[in-house]
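The numbers here are math on the coordinates, done by the rules we state, and not lab data. No experiment lies behind these values; they were computed from the predicted model shown. Don't worry about glycine lacking a Cβ; one is built from the backbone with ideal geometry, like all the others, and counts go over all protein chains shown.
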Amino acid sequence: MIVRVQNVAFDFSEEVKLFQAATKYSGAIVTFSGIVRDVNGDLDYMLIEHYPGMTENALEKFSAASKVKFDLEHVLVIHRFGVLRPGEIIMMVATASKHRKDAFSGADYLMDYLKSRAPFWKKEVVLGQPDGAWVDAKVIDETALKAWSN
Amino acid sequence: MIVRVQNVAFDFSEEVKLFQAATKYSGAIVTFSGIVRDVNGDLDYMLIEHYPGMTENALEKFSAASKVKFDLEHVLVIHRFGVLRPGEIIMMVATASKHRKDAFSGADYLMDYLKSRAPFWKKEVVLGQPDGAWVDAKVIDETALKAWSN
Amino acid sequence: MKLNLLYFAWLRERIGRGQEIIETDAETVTELIAELILRDPGYAAAFEDISSVRVAVDQNLVDFSTSLASVREVAFFPPMTGG
Amino acid sequence: MKLNLLYFAWLRERIGRGQEIIETDAETVTELIAELILRDPGYAAAFEDISSVRVAVDQNLVDFSTSLASVREVAFFPPMTGG
C-alpha cells in the first residue's frame with residue numbers, strides 16, 4: 001500500500017509500471033486518474049490546498065479499508081497539491097486484485113472516500129480574475145459515498 | 001474510439017499516455033488491464049485463440065455502446081492473442097469521461113461484454129503438460145453481463 | 001448450399017480441423033449440427049454437450065434455431081473467456 | 001486551555017489567517033465557534049452558514065457537539081473537494 005501527497009508532478013505511466021511490478025498474483029489492475037481540464041477556455045490554473053498530516057492519515061485509512069473490503073493485493077494513491085495547469089494530472093489511484101470486479105469496486109470506493117473525506121480543497125483561477133473561486137462540493141459525491149454503507 | 005486485436009505485446013504506459021493526449025474535456029480516466037498470472041508456480045504460458053473478423057466487430061460494437069451509454073469522450077480496447085507468458089499484459093481498456101462514475105461504469109461494462117461476448121478463448125499450458133487446458137467460462141461473468149440490462 | 005464452417009478452441013481440437021467448406025441442405029443450425037454429428041466421432045464428441053456450445057452465423061451470435069437461409073459462414077465454439 | 005486552530009480554503013480567507021493558538025474555556029466545538037464569532041467580522045463571515053463548515057479535532061472529522069477535553073488541534077474548513 002502506497003500513499004503519497006506531493007507538490008511536484010508525477011509520471012502516471014511510470015507509477016503504473018512500478019505498481020504492476022509490485023504485484024504477484026493479481027490478474028486485474030484498475031487505475032483512475034483525474035486531470036485538470038479547461039472546459040471554458042479561460043482557466044489559468046487550479047490551486048489545491050490540503051491539511052498536511054490529516055490528509056496522509058485519511059488516505060492511509062481509506063486505502064487500508066478498501067484493501068480489506070475488496071481483497072486487494074496492492075493499493076496506490078497519489079494526490080498533488082499546489083498550482084496545477086490544464087492538462088496536468090491531479091491524482092491517481094490504482095488497485096490490484098485477483099478478480100476484476102474487486103479491482104473496479106476498490107478503486108471506485110477509494111475515489112468516493114477521497115473526494116468527500118480527504119481534506120483537499122480546489123480553487124479555480126480563471127484568466128483576469130486572480131482571486132479565483134473555490135469549487136463547491138457536490139451532493140452526488142456525498143450520495144455516492146453513503147451508498148457503500150448499504 | 002480505438003480497437004486493436006494483436007499478436008504482439010503493447011506498452012500499457014505508452015498507450016495510456018496517447019489515450020489521455022487524445023482527450024480534451026474528460027477530467028476522469030479509468031483503465032483496466034488483465035495480466036497473465038502464474039498462481040500455482042507451474043504455468044508455462046497462456047494461449048489465446050480468437051475469431052479474426054468477428055472479434056474486431058464485437059469489440060467495436062461494445063465500445064460504441066459503452067461510449068453512448070456512459071457519455072464517454074474516448075474509448076480504447078487492446079486485446080492480444082497467441083502465446084503469452086506470466087507477467088505479460090493480456091488486454092486493456094481505457095475510458096475517458098467528464099464524470100468519474102461514467103468512466104468507471106463504462107470500463108466495467110466494456111469488460112463484462114468483452115469477457116463473455118467477444119470471441120476469445122484461453123488455454124493454460126502448465127509445465128510438463130503440453131496439451132494444456134481450456135479455461136472454463138464463469139457463471140458470475142454471465143451474471144455480471146445480464147445485470148446491465150436491468 | 002455451400003457453407004464455410006469454423007471451429008474454435010476445444011471444438012476445433014475434437015473435430016480435428018479449424019475450417020472446412022461443406023455442401024448441405026440443413027435449414028437451421030440445429031439441423032446442421034445433427035448432420036455433422038453423423039459424420040464421425042470427432043463431431044459427435046464436439047457437440048456432445050450442446051449447452052457448452054455457442055454458434056455465430058456470419059459473425060453474429062445466434063440461437064440454434066436460427067435459419068441458415070443466405071448464410072455464408074457458421075462458427076462453433078465454447079463459451080468465450082476473453083479479458 | 002491552549003488550542004491550536006487551523007482554517008482552510010475560504011474559511012482561511014475570510015478569517016485572514018490559516019493558523020493561530022488561542023486560550024479558551026470552550027467545552028465543545030459549538031461553544032468554540034460561538035466564542036470566535038464574537039471576535040471580529042471575519043470570523044462571523046466564516047461561520048455564517050454553519051452547514052457549509054466541517055470540523056476536525058486532532059485530525060479526525062467530528063460533529064460540532066464534540067467535547068474539546070484534552071484536544072490540542074481544531075481545524076475548520078468547507079466540505080472537501082479532492083480527487
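Summing Lys and Arg as +1 and Asp and Glu as -1 over all other residues whose Cβ lies under 13 Å from the Cβ of B:Asp108 gives a net charge of +1. Chain A has one residue whose beta-carbon comes closest to the axis relating it to chain B; that residue and its distance in whole Å are A:Ser13, 2. Round to a whole angstrom and tell me the spacing of the C-alpha centers of the range A:78-150 and the range C:10-28. Cα centroid of the range A:78-150 versus Cα centroid of the range C:10-28: 53 Å apart.
Alpha-carbon geometry of the protein assembly as shown: the Rg and the Dmax are 27.9, 96 Å, given in that order. Classify the range A:52-107 as rounded, prolate or oblate, taking a ≥ b ≥ c as the square roots of the eigenvalues of its Cα gyration tensor: rounded when a/c is under 1.5, otherwise prolate if a/b is larger than b/c and oblate if not. Verdict is oblate for the range A:52-107. Taking the Cα centre of the protein assembly as shown as origin and assigning +1 to Lys and Arg Cβ atoms and -1 to Asp and Glu Cβ atoms, the resulting dipole is close to 320 debye.
Is the range C:2-77 rounded, prolate or oblate when judged by the Cα gyration tensor, a ≥ b ≥ c being the square roots of its eigenvalues, rounded requiring a/c under 1.5 and prolate requiring a/b larger than b/c? Rounded. For the peptide B:103-116, the mean number of other protein chain Cβ atoms found within 10 angstrom of a residue's Cβ is 4.
For B:Arg4 and A:Ser13, the FRET efficiency from 1/(1 + (r/R0)^6), where r spans their Cβ atoms and R0 equals 22 Å, is about 0.75. Closest approach of any chain C Cβ to the axis that rotates C onto D belongs to C:Gly83, 14, distance given in whole Å. In chain A, the longest principal axis of the Cα atoms and the axis of helix A:54-69 are about 30 degrees apart.
Between this copy and the others, label points of D:Asn4 are 7.4 nm apart in ascending order, each placed 7 angstrom from Cα in the Cβ direction. Size descriptors for the range A:2-147: radius of gyration and Dmax over Cα atoms are 15.8, 52 Å. Among the listed pairs A:Lys115/B:Lys101; A:Lys123/D:Lys2; A:Lys24/B:Lys122; B:Lys17/B:Lys67, give every one whose C-alpha distance is greater than 22 Å. From the list (A:Lys115/B:Lys101; A:Lys123/D:Lys2; A:Lys24/B:Lys122; B:Lys17/B:Lys67), the Cα-Cα distance tops 22 Å for A:Lys123/D:Lys2.
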